[in-house]
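Just so it is clear, none of the values below were taken in a lab; they were calculated from the coordinates. Everything numeric here is computed off the predicted structure, so don't read it as measured data. Ideal geometry is used to build each Cβ from the backbone, glycine not excepted, and the neighbour counts take in all protein chains shown.
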Amino acid sequence: MRAIAIIKSEHQNLAAVLYSLEQLIAEIDSGKQMEFPIFHGLFTYIDRFLDRYHHPKENDFLFPRLLQRAPDTQALILQLGQQHYQGAKLFIEMLKALSAYEFCGEGEYPHFRELVLRYCQFERDHAQLEEAEVLPRAREVLEDSDWQEIDAAFGENQDPMFGAEWDSEFSTLFNKLVNSLPSPVGLGDAWK
Ligand SMILES: [Fe+2]
Ligand SMILES: [Fe+2]
């Protein structure tokens, strides 16, 4: 059942990134200059970890086993799987909006802002739904052999920003982010 703690911890890391995105938007709203590299860094983190590691492990291991042991969860599993797809699609829209903002200038900010805030709310709601509905049910119905498989899959995840061993290509990005981002993600001053 180690996977439950890993999933919760990954959700907490994601929540910290989403919080930072929202705070950065609030800072821009109050007149601070947009810093594109920070957004590129956070978006790369989201792409690498959430869409390439976290969600696929849920899709490939946790959800199928839960569906097998508790067929009444079918509608929920379907909904969450669709949300993974919708979130990835929304992410691409947000990335395109960042690119347009960077290239075309201020006029693109409202669209970018709206997408960032929508994305943050969407992913936060998604993780909350998993924690409220999926994890308690999985704890209830999954068997030891299921957990061995799921634990092994989630144990392989290495969070590129928060994990003990992140990919070397992330080390520069990580250093830059922790020094420029507010707590709880970074070492910068807390946002006021
Ligand atoms: Fe998920
Ligand atoms: Fe999740």
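Summary of computed values
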read-out	value
Spatially proximal aspartates and glutamates relative to residue 32 (Cα-Cα < 20 Å; intrachain offsets below 8 disregarded)	22, 102, 106, 108, 114, 189
Positive minus negative residues near residue 3 (Lys, Arg vs Asp, Glu; Cβ under 9 Å)	+1
Dipole axis of the stretch 1-136 (+1 Lys, Arg; -1 Asp, Glu on Cβ), positive-most option in 116, 4, 55	4
Qualifying trypsin sites (Lys or Arg not before Pro) in the stretch 1-60, DSSP loop, other Cβ atoms within 10 Å at most 12	32
Residue 133 versus residue 93: modelled label distance in nm, points set 7 Å from Cα along the beta carbon direction	2.1
In the stretch 1-52, GluC sites (Glu not before Pro) in a DSSP loop with at most 15 other beta-carbon atoms within 10 Å	35
Convex hull projection area averaged over all views, the stretch 65-120, Cα basis, nm²	4.3
Cα gyration tensor shape for the stretch 8-145, rounded if a/c is under 1.5, else prolate or oblate	prolate
Projected label distance in nm at residue 121 and residue 149, using a 7 Å step from Cα toward the beta-carbon	3.8
